[in-house]
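Working notes, structure below.
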Amino acid sequence: MAEAASVAAESLAGSRARAARTVLGQVVLPGEELLLPEQEDAEGPGGAVERPLSLNAGARSRVRVVCGPGLRRCGDRLLVTKCGRLRHKEPGSGSGGGVYWVDSQQKRYVPVKGDHVIGIVTAKSGDIFKVDVGGSEPASLSYLSFEGATKRNRPNVQVGDLIYGQFVVANKDMEPEMVCIDSCGRANGMGVIGQDGLLFKVTLGLIRKLLAPDCEIIQEVGKLYPLEIVFGMNGRIWVKAKTIQQTLILANILEACEHMTSDQRKQIFSRLAES
Amino acid sequence: MNLCLQRLDGRQTYDYRNIRISFGTDYGCCIVELGKTRVLGQVSCELVSPKLNRATEGILFFNLELSQMAAPAFEPGRQSDLLVKLNRLLERCLRNSKCIDTESLCVVAGEKVWQIRVDLHLLNHDGNIIDAASIAAIVALCHFRRPDVSVQGDEVTLYTPEERDPVPLSIHHMPICVSFAFFQQGTYLLVDPNEREECVMDGLLVIAMNKHREICTIQSSGGIMLLKDQVLRCSKIAGVKVAEITELILKALENDQKVRKEGGKFGFAESIANQRITAFKMEKAPIDTSDVEEKAEEIIAEAEPPSEVVSTPVLWTPGTAQIGEGVENSWGDLEDSEKEDDEGGGDEAIILDSIKMDTGVEVSDIGSQDAPIILSDSEEEEMIILEPDKNPKKIRTQTTSAKQEKAPSKKPVKRRKKKRAAN
């Protein structure tokens, strides 16, 4: 039965679904269907290969595969919804089949639960701050969601301040809600971002690259000047260095990093280090 | 207060961003990039009946659209104020200045005239839309070719591009807008404001000029009070800038003309630079390969020489030969016994009269076969060669390696064994 359904789906799609394994690292386009490894022998080359009959057909081991951004479940296949490169990560502890996702490039941010973002306070109404995070709606931030905040001890937040917080509620039907404490009640670096500095926007892909562990760019930048830097997953970066000149240089470098190869970057850094 | 007079991207007060002009494959299609602000311009023409009060003039139609991909603030139906302002400014700059000879667009007076339509689309908003749009409009108009028409008495013949080359529009001059942003009640002035500079500016002064230093349009918005000498200074700066930009435009048009004539490749695919996104590249760590040779030699020198291989088969008896020592047994450990796998394929076998070599591995369950008398599978046991007609009671400790490949297939089913990964 499963075979008949999948063959019908295939003919509807009009093109052969490819095995996810073979497409790793390549560009996929929206609308493509991908087969998970356990389904590959079922499809076979042309679907005409005879499968050995087995007495209990449902005993095929089910592997739990996580469907990441850019992919959607479609029956028992993966449907690509964003264009980009297909990536896969093996499971660490051995359970499940790992994570598949599409590395795509985007400038517009869509709030996601758990993301740490930089927001700008736009309004203060009663007990709630309205924070612009770059999404379709401003997020709401309660004054009690700061470390050590009580009804008597309100945090010092003004309109126009920068806030670094994380989303606790973020779905497409409601306005997102953010907080500046973690689940234990500690600030953990979140809260109002200090004075001065410069906030600028970059693409979401660059943020993810800069936040990757062992990012070379950040290490090299750190060797140049002492600096403070905050990355928001909504494409916003806040930098602060000792002088305005240095801050501007850092901001321009980080913006340009996206399109530079590592050689060009090393050249620029060496030139800056000399001057 | 420590005032640092710097622009965010390091430009000087009167500096323009980099202007890049690229043309499409069709005549009249161009993309202008002013820094990151991109405007796409497309000119098209159509034969229509003229306006009643201007029977001998062609019709010009300008339209600027702010695409939703230009900025998050642009939504369908939301940006009307800015849109209206930009469109009006563009119309005044291009139509009222009479840069295009509309009389030449007339085909049959009162009946047929050319309607030239300029569509501009803002693809990315990074400030100073009006400058980029005006450059795109005039470049597209200069680049455009309309079909040739000939009038003989009452007959009007419209030639297709294949029959006769299309002719360019007749353009008198090229008006270009230059924007000045004012800050702090006119104290500070910036040319070509960025998007962020536009957000914080007090007022904007736009001067449309051509290279003959004729002002086509001048508009001040934002309600700032400007002094006379400020405006005069701005017009002087505008004159210089317009001269530079006009030169750039003429060079770009000339280049494109040359490429088309020579038959080279033209179009957006060639002229728009590919911007590589390196964000997703897994950077390969450079490996130091300077002493690879020495390391390799060391490894080779310190390694043990490989064991000697007997290449010739040793014939023991007719029907029994041995080539080499055999490979290590890869059938895995037995659960019951603690014996290790022998090197050199120390299998035990029972040799029957029919020379069929049934290479079994150890011990306990042989099942359907006759229970062999197995003394041990130690390598130290000496090798005994069986003659075909002798009593097959004694056990050989080594089998021929040639037959060993068949071993797994002949393995009795009942033998319980842990599978081990092949070496």
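The values are calculated or read from the model by the stated rules, or taken from the named source; none is laboratory data. The model shown is predicted, which means the values in this text are computed figures rather than measured ones. So basically every Cβ, Gly included, is an ideal-geometry build from the backbone, and we count neighbours across all protein chains shown. Side chains are part of the model used for accessible areas, which takes the heavy atoms of the whole protein and leaves out ligands, DNA and RNA. Shrake-Rupley method; radii C 1.70, N 1.55, O 1.52, S 1.80 Å.
With R₀ fixed at 60 Å, the C-beta to C-beta distance from B:Glu293 to B:Val314 puts the FRET efficiency at about 0.90. For region B:97-206, GluC sites (Glu not before Pro) are listed when DSSP marks them as loop and at most 14 other Cβ atoms sit within 10 Å of their Cβ; the list is B:Glu111, B:Glu162, B:Glu163. Paramagnetic label reach from B:Val84 (point 7 Å along Cα→Cβ; backbone nitrogen cut-off under 19 Å): within region B:122-154, residues B:130.
What is the percent carbon and sulfur in the accessible area of region B:19-274, measuring with a 1.4 Å probe over the protein chains and ignoring ligands? Roughly 51 percent, rounded to a whole number. If you bin all the Cα-Cα distances of region B:19-274 at 5 Å, starting from zero, the percentages per bin are 1, 6, 12, 16, 18, 16, 13, 9, 5, 3, 1, 0, 0.
The magnitude of the dipole of region A:198-274, with charges of +1 and -1 set on the Cβ of Lys/Arg and Asp/Glu and taken from the Cα centre, is near 180 debye. The label point for A:Ser136 and the one for B:Arg164, both projected 7 Å from the Cα toward the Cβ, are 5.5 nm apart.
For B:Trp316, the residues 5 or more places off, or on other chains, whose built amide H falls under 5 Å of its own are B:Ala321, B:Gln322. How would you classify region A:198-274 from its alpha-carbon gyration tensor, with a ≥ b ≥ c the square roots of the eigenvalues: rounded for a/c under 1.5, else prolate if a/b is greater than b/c, otherwise oblate? Judged from the Cα gyration tensor, region A:198-274 comes out oblate (a/c at least 1.5, b/c at or above a/b). The residues of region A:189-218 listed by number as losing at least 30 Å² of accessible area in the complex, against the isolated chain and with a 1.4 Å probe, are A:Lys209. Charged side chains reduced to their Cβ positions (Lys and Arg at +1, Asp and Glu at -1) give region B:19-274 a dipole of some 580 debye around its Cα centre. Per residue, the solvent-accessible area of region A:115-192 (1.4 Å probe, heavy atoms of protein chains only, all protein chains present) comes to 53 Å².
Can you bin region B:169-210 into rounded, prolate or oblate? Criterion: square roots of the alpha carbon gyration tensor eigenvalues sorted a ≥ b ≥ c, rounded for a/c under 1.5, prolate for a/b above b/c, oblate for the rest. Note, shape of region B:169-210 comes out prolate. Please compute how much accessible surface disappears when A pairs with B, both sides summed, using a 1.4 Å probe, and round it to the nearest 100 Å². For chain A against chain B, roughly 1700 Å² becomes buried.
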